[in-house]
1. Based on this model, can you work out whether VAL107 counts as surrounded by 21 or more Cβ atoms within 10 Å (Cβ to Cβ), closer than 24 Å to ARG134 by Cα and at pLDDT 95 or above?
2. Does ALA201 satisfy being within 14 Å of the chain's Cα centre (by Cα), within 16 Å of the ligand (Cβ to nearest atom) and closer than 21 Å to LEU19 by Cβ?
3. What do you reckon, is ILE34 part of a helix (DSSP H, G or I), of a type in the set (Val, Ile, Thr) and more than 17 Å from the chain's Cα centre (by Cα)?
4. Could you look through segment 161-198, keep only residues that are away from the ligand (no atom under 14 Å from the Cβ) and small (Gly, Ala, Ser), and pick out the one that is surrounded by the most Cβ atoms within 10 Å (Cβ to Cβ)?
5. Go through segment 156-197 and give me each residue that's over 17 Å from the mean Cα position of the chain (by Cα) and assigned to a loop (DSSP other than H, G, I, E, B).
6. Among (1) within 23 Å of MET189 (Cβ to Cβ); (2) assigned to a helix (DSSP H, G or I), which single condition is GLU29 missing?
7. Starting from segment 97-110, keep only residues that are without any contact (Cβ under 8 Å) to a residue 40 or more places away in the chain and under 22 Å from LEU149 (Cβ atoms), then list their pairs with residues that are surrounded by 12 or more Cβ atoms within 10 Å (Cβ to Cβ) and of a type in the set (S, T, N, Q) whose Cβ atoms are within a distance under 6 Å, requiring at least 6 positions of separation or different chains.
8. Looking at (1) within 16 Å of the ligand (Cβ to nearest atom); (2) of a type outside the set (Val, Ile, Thr); (3) buried (at least 16 other Cβ atoms within 10 Å of the Cβ); (4) in a helix (DSSP H, G or I), find the lone condition where GLU95 falls short.
Amino acid sequence: MLKENYFLIKNSLPADVELVAVSKTHPVETIRKIYDLGQRVFGENRVQELLEKHDKLPADIEWHLIGHLQTNKVKQIVKRVHMIQSVDSERLLLEINRQAQRQGIIVTILLQVKIAAEESKYGLEESEAEGLFRRYTDGEFSNIKIKGLMGMATFTEDNNIVKKEFQRLKLFFDKLSSLRNLDTLSMGMSNDYEAAIACGATSVRIGSAIFGQRGSSLP
Ligand SMILES: *Cc1c(COP(=O)(O)O)cnc(C)c1O
């Protein structure tokens, strides 16, 4: 099942769209099976879980943090992640920059932008994201590399709503790209990745369509 699901998804994506396999709640043995099929990019939404899996699995995995990050956990995670997709506040951005400076590294991030009508608690308003990005292009945040944007559409069956939200994020992405080139637009999950790709996603975050439904006790 796992193998069939994986290749079904993988083969349905255009070659230039990156697949982030969202492995949250799934054990290392399961992740290992997908790794053995060639997948190297995995997404997790909790720091502790990411760190444990990071230490047990091959070092060439690129771990993406996709869930809300508390500032007090930044220190532990910056060296272990390939990218933090869920940068949703100025405070968090500053703390990532500070820890990256202390540890002598550059941390790659995406700015998470709020695009859903009301559901998502987390994410920057476009105006906030633009303000931070302008400061970045002016030379602030020297130990951060902003590669692009991440967004989550409203959870609804109504494809028109979802498409509108993705289109809006794509427009905003193009606007910021004109200030300084961005290359990653992360949008689309199991239930809406096709719409996201049609709207210009360069990276999709897919969990349940590969791994099956997650247990009900964990999100
Ligand atoms: C869990 C999660 C996903 C994957 O969701 P699926 O519906 O299982 O594909 C994608 N992005 C974020 C931020 C998530 O937390």
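1. Criteria met by VAL107.
2. Yes, satisfied.
3. Answer is yes for this residue.
4. SER177
5. THR156, GLU157, ASP158, SER178, LEU179, ARG180, ASN181
6. (1)
7. ILE106/ASN143
8. (1)
The values are calculated or read from the model by the stated rules, or taken from the named source; none is laboratory data. Nothing here was measured: the structure is a model prediction, and the numbers come from that model. Note: ideal-geometry Cβ built from the backbone for every residue, glycine included; neighbour counts use all protein chains shown.
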